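Asker: Before anything else, here's the structure in question.
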Amino acid sequence: MIASLPMYDRPETAAANDRFWQAIRKSLPFDTPERLTRDLPDLIGHWTAPDLVLSQTCGYPYRALLSDKVRLVATPVLALDCPAGHYYSVIIAHRDRNGATLEQFNEAPAAYNDPLSQSGWAALHSHMIQTGLTLGPMIETGAHRASARAVAEGRAAIAAIDALTWQMICKWDDVAAELCVIEETAPTPTLPYICAPHYDAALISTALETAVDAMSQADRACLGLRGTTQINPSAYLQVETPPPPQN
C-alpha cells in the first residue's frame with residue numbers, strides 16, 4: 001500500500017502534510033500505509049499503482065493518462081480568490097519588467113515545469129493563444145520553483161506558476177523578490193485527489209473531509225487548504241489539451 005501528497009509538498013509543508021495523512025488514515029476502516037511516500041521518480045507509475053490508497057495528481061495527467069485508470073476521490077478547495085474547487089496560474093516575469101503587459105512578451109522565451117503540467121504548460125499555452133500571442137523558445141525546468149529561478153536569472157522571460165505554489169514561493173523562497181506577476185490565467189479544476197480503482201473513493205473522500213475539518217488553523221494556512229468538494233470528472237476532461245511544448 002502506498003499514499004502520497006506530492007503536489008505541494010516541500011520542507012516547510014512536510015510536517016503539516018504528515019499530520020494531514022495521519023488524520024485521514026484514522027478515519028479509514030482498512031489498513032493504510034503509516035507514512036507518505038516521497039521518493040517518486042515515476043509519478044505516472046506511482047499514480048497507476050494498484051495499491052494506491054491516496055494521492056494528488058495534476059489535472060492534465062488526469063485527463064490525458066489517468067482518468068480510466070484511477071478513481072477521482074475529491075477536489076481540494078484552496079485558499080485562492082476563485083471558485084471553490086478551482087485554481088489558476090500566475091504569469092511571472094523579472095521584477096525589472098513590473099508594469100509590463102503580456103503583449104510585450106510575444107515570442108519571448110518561457111520556462112515551464114513539465115510538459116504534462118496544467119498550471120505550468122497548458123494554462124500558459126491556452127492563455128497566450130486566447131490573447132493572440134505566441135510563445136518563444138521553451139525551457140523545461142522540472143519544477144515550478146526552478147521555473148521561477150529561470151526567470152529570475154534571465155534564462156526565460158516568463159513562466160506560469162500554480163497560484164498556490166506562487167504563494168509558497170513568496171512566503172519561503174528568496175527568489176520571489178526578483179519577480180513580479182504580469183497576469184493570471186483562467187481558473188480550471190484544482191489538482192484532484194485520486195485512488196486505485198478497487199478502493200472506495202466515497203469512503204476516502206469522507207475521510208479527507210473529516211481530516212480537513214479537524215485541521216488546525218496553522219496547518220490550513222501552511223497548506224493553503226480550505227476544504228474539499230466534488231467536481232464531475234467531465235469538468236477535468238473538458239479542459240483544453242495543448243500540443244507538446246517546442247523546446
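What follows draws every value from the coordinates through simple rules; no lab data is involved. Fair warning: this is a prediction, and the values are worked out from it, not measured in the lab. Neighbour counts run over all protein chains shown; Cβ positions are idealised from the backbone, glycine included.
Asker: Hey, with R₀ at 30 Å, roughly what FRET efficiency would GLU107 and ALA218 work out to, going by the Cβ-Cβ distance, to 0.05? Don't skip to the end; give the middle numbers.
Answerer: Numbers: r = 45 Å, r/R0 = 1.48.
After rounding, the FRET efficiency stands at 0.10.
Asker: In nanometres, what is the gap between the two model label sites at ASP42 and ALA100, each 7 Å from Cα along Cα-to-Cβ?
Answerer: It is 4.1 nm.
Asker: If you restrict to DSSP beta bridges whose two residues both lie in the chain, what percentage is antiparallel, to the nearest 5?
Answerer: Around 75 percent antiparallel, to the nearest 5.
Asker: Could you go through segment 187-193 in sequence order and give the Karplus-derived ³J(HN,Hα) for each residue, using 6.51 cos²θ - 1.76 cosθ + 1.60 with θ = phi - 60°, rounded to whole Hz, and x for Gly and Pro?
Answerer: Result, ordered by residue: x, 9, x, 5, 4, x, 7 Hz.
Asker: Next question. Near the amide H of ALA143, under 5 Å away, which other amide H atoms are found, from residues 5 or more places off or on another chain, if H is placed in the peptide plane?
Answerer: Long-range HN contacts for ALA143: none found.
Asker: Show the residues, 5+ positions off or on another chain, whose built amide H is closer than 5 Å to the amide H of TYR87.
Answerer: Under 5 Å from the amide H of TYR87 lie the amide H atoms of THR188, THR190, each far enough along the sequence or on another chain.
Asker: Could I have the simple spin-label model distance between ASP18 and GLN238, label points 7 Å from Cα toward Cβ, reported in nm to one decimal?
Answerer: 4.2 nm
Asker: Sort PHE105, PHE30 so the one with the fewest other Cβ atoms within 10 Å of its own Cβ comes first.
Answerer: Ordered by Cβ neighbours within 10 Å, fewest first: PHE30, PHE105.
Asker: Rounded, prolate or oblate: which one fits segment 89-186, using the alpha carbon gyration tensor with axes a ≥ b ≥ c (rounded when a/c is under 1.5, else prolate when a/b beats b/c, else oblate)?
Answerer: Numbers: a/c = 1.44, a/b = 1.22, b/c = 1.18.
It comes out rounded by the Cα gyration axes.
Asker: Still on this structure, I have one more. Let me check against my output: what whole-number percent is the relative contact order of the chain, with C-alpha pairs under 8 Å and at least 6 apart? Numbers along the way, then the final one.
Answerer: On the way: 476 pairs, mean separation 77.8, N = 247.
Across the chain, relative contact order equals 32 percent.
Asker: Students often get this wrong, so try it: which of (i) 12.4; (ii) 16.9; (iii) 14.4 is mean projected area of the Cα convex hull in nm² as calculated from the structure shown?
Answerer: The listed entry that was calculated here is (i).
Asker: Between LEU203 and CYS170, what FRET efficiency follows from the Cβ-Cβ distance if R0 is 51 Å, with the result rounded to 0.05?
Answerer: Once the sixth-power term is evaluated, E becomes 0.90.
Asker: Continuing with the same structure: Between LEU133 and ALA79, what is the label-point separation in nm under the 7 Å Cα-to-beta-carbon projection?
Answerer: According to this spin-label approximation, the distance is 2.9 nm.
Asker: In terms of the Cα gyration tensor, with a ≥ b ≥ c the square roots of its eigenvalues, is segment 159-247 rounded because a/c is under 1.5, prolate because a/b exceeds b/c, or oblate?
Answerer: Taking the square roots of the gyration eigenvalues as a ≥ b ≥ c, segment 159-247 is oblate.
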